[in-house]
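Structure first, commentary second.
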Amino acid sequence: MFDMDARRVIEALRSGIPSRAVGQYFSEARPQIMKEISGRLEQVSETGKSDGMVISGKYGEGKTHLLNTVFNMAHSANMVVSYLSLSKETPLDKLYLTYQKIVNNTYLPGRVQPGFMQVFDKMSSGSPVVSDLLVYAAKELETDKLYYLLRAYLSTEDQEEKFLLQSDLEGDFIANGALKKIYKRIFNQTAKYSVPFSKTKHCMDYMAFMSRLFTRLGYGGWVILIDETELIGRFSKKARLNAYRNMGRFLLPDGELNSVFTMFAITASYGEDVIEGKHEYENLAAIYPEEQEPMKSVLNLLVKAPQLAPLTKDEIRQVLERVQEFHGRAYGWNPQVSTDRLLKATQSGGYLLRTKIRAAIEFLDQLYQYGEAGDTRIGQLGRENFDEDVPDLAEVLGE
């Protein structure tokens, strides 16, 4: 009898595309760093203080898999999780665009689809949670825009207004005048901002507000996982420095975020290719001679980021044993093959974990289909090549 969950895991492994399903079932590797991350998540949840870290690794050595494992770990701890990869549409130098991607890729515990607006629809204007959020938005943030927006959202019965206000909470910010007009219509009062809201200046208000919301709803905290951080290196000089500044808001929190743990994954070559190759410390001193923090501290963190070590032979054996188990469940058979033989069959797959896994699956496929399998070789299409898949940063990051 076929196990469809196992089939999905095997197909994800076969494709080489990391997934949360794989992260859920293949979490035994790298126990030391997983123990550290688990401790940090627990600390964030218990103390309410935010924290952040950077992990680095070579292409194909499991950075994305690790993030997916942390995703499942955080959900198991009743924490909200946001997962995104940096890209042209998610440039970290423009925090308001990053915020939009973060909230649109936010998963509440126990849910497989992103989204959080349903929690607003269940809140009443007089509830303790809403009262706390209104006081927080009015007194603790740089601007009090979210005070007026939350009151309006919970009070309007006009579906078009509700859609506009919801879009604002999700990062499609409406003009200050439009919100004031809606507020005036509902309450017959004028919304007077203590500080006029600007999305380029005050976007962290929204991050802080959401972190407060999640903790007040009883969740253990908010975990933000950001992959492909190395794409910052493709920005212009000043944009890169602005991105480092924004990273500092998460990696070096000063109390504005409630129970947020942020993890950035970056390629191991970033320090050499960008920080050294593009002379980032010199750039920082030239552009911001008197205001180098938090950018300098972030650069130091990137340079010293712990690198994922290649898996040990025992860890690889454990992973291959799991692959064999899932292959059997996926196709309803009992692979009669030793782990040593499976390990030998993966030797031609190169040193990367994902190619070893794909070699093992190909070997098991042959056994399942034909009853025998020779030496398994991953073809050129299956071999991971950093230069082909991710161009060398030193070549493409010219300004």
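Some points to look at:
- Residue match in the range 29-41 (condition: modelled with pLDDT under 90, touching a helix residue (DSSP H, G or I) at 6+ places or on another chain (Cβ under 6 Å) and either closer than 16 Å to LYS63 by Cα or surrounded by fewer than 15 Cβ atoms within 10 Å (Cβ to Cβ) (or both)): yes
- Tallying residues that are crowded, with 20+ Cβ neighbours inside 10 Å, more than 22 Å from SER85 (Cα to Cα) and small (Gly, Ala, Ser) within the range 211-227 yields 1.
- Residue count for the range 329-348, restricted to those that are in contact with a Lys or Arg (Cβ under 8 Å, 6 or more places away or on another chain) and small (Gly, Ala, Ser): 2
Rundown of residues vs (1) within 22 Å of GLY255 (Cβ to Cβ); (2) of a type in the set (Ser, Thr, Tyr), yes/no style:
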residue: GLY177; (1), (2): no, no
residue: LYS181; (1), (2): no, no
residue: GLN189; (1), (2): no, no
residue: PRO196; (1), (2): no, no
residue: MET207; (1), (2): yes, no
residue: THR229; (1), (2): no, yes
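- Of the residues making up the range 167-190, those that are within 28 Å of the chain's Cα centre (by Cα), over 19 Å from ARG216 (Cβ atoms) and not in a loop (DSSP other than H, G, I, E, B) number 2.
- Selection within the range 165-181 - of a type in the set (Gly, Ala, Ser) and surrounded by 15 or more Cβ atoms within 10 Å (Cβ to Cβ): GLY171
- The residues on offer are LEU252, LEU217, LEU213, and the sole one that is modelled with pLDDT under 95 and within 30 Å of ALA152 (Cα to Cα) is LEU217.
- Residues that are closer than 18 Å to ARG354 by Cα, of a type in the set (Lys, Arg) and within 14 Å of the chain's Cα centre (by Cα) are absent from the range 44-58.
- Where ARG358 falls short, out of the listed (1) free of Cβ contacts under 8 Å to residues at least 40 places away in the same chain; (2) not assigned by TED's automatic domain parsing to the domain that holds THR64: (1)
- Among residues of the range 115-132, those that are free of Cβ contacts under 8 Å to residues at least 60 places away in the same chain and part of a helix (DSSP H, G or I), counted: 7
- Contacts under 6 angstrom Cβ, first residue in the range 274-293 being assigned to a loop (DSSP other than H, G, I, E, B), partner surrounded by 13 or more Cβ atoms within 10 Å (Cβ to Cβ) and at pLDDT 95 or above, 6 or more apart: GLN292/LEU284
- Index of the failed condition, LEU141 passing every other in (1) free of Cβ contacts under 8 Å to residues at least 60 places away in the same chain; (2) in a loop (DSSP other than H, G, I, E, B); (3) not polar (S, T, N, Q): (1)
- Test: GLY16 is of a type outside the set (Phe, Trp, Tyr), modelled with pLDDT under 85 and loosely packed, with under 15 Cβ neighbours inside 10 Å: yes
- Taking the numbered list (1) at pLDDT below 95; (2) surrounded by 19 or more Cβ atoms within 10 Å (Cβ to Cβ); (3) of a type in the set (Lys, Arg) in turn, LYS145 passes all entries but (1).
- Residue match in the range 228-250 (condition: assigned by TED's automatic domain parsing to the domain that holds SER85, crowded, with 19+ Cβ neighbours inside 10 Å and part of a strand (DSSP E or B)): no
- The requirement of being aliphatic (A, V, I, L, M), in a helix (DSSP H, G or I) and touching a Phe, Trp or Tyr at 6+ places or on another chain (Cβ under 8 Å) is fulfilled nowhere in the range 77-89; no residue meets it.
The values are calculated or read from the model by the stated rules, or taken from the named source; none is laboratory data. These numbers come from a predicted model, not from an experiment. Cβ: placed from backbone, ideal geometry, glycine included. Neighbour counts: every protein chain shown.
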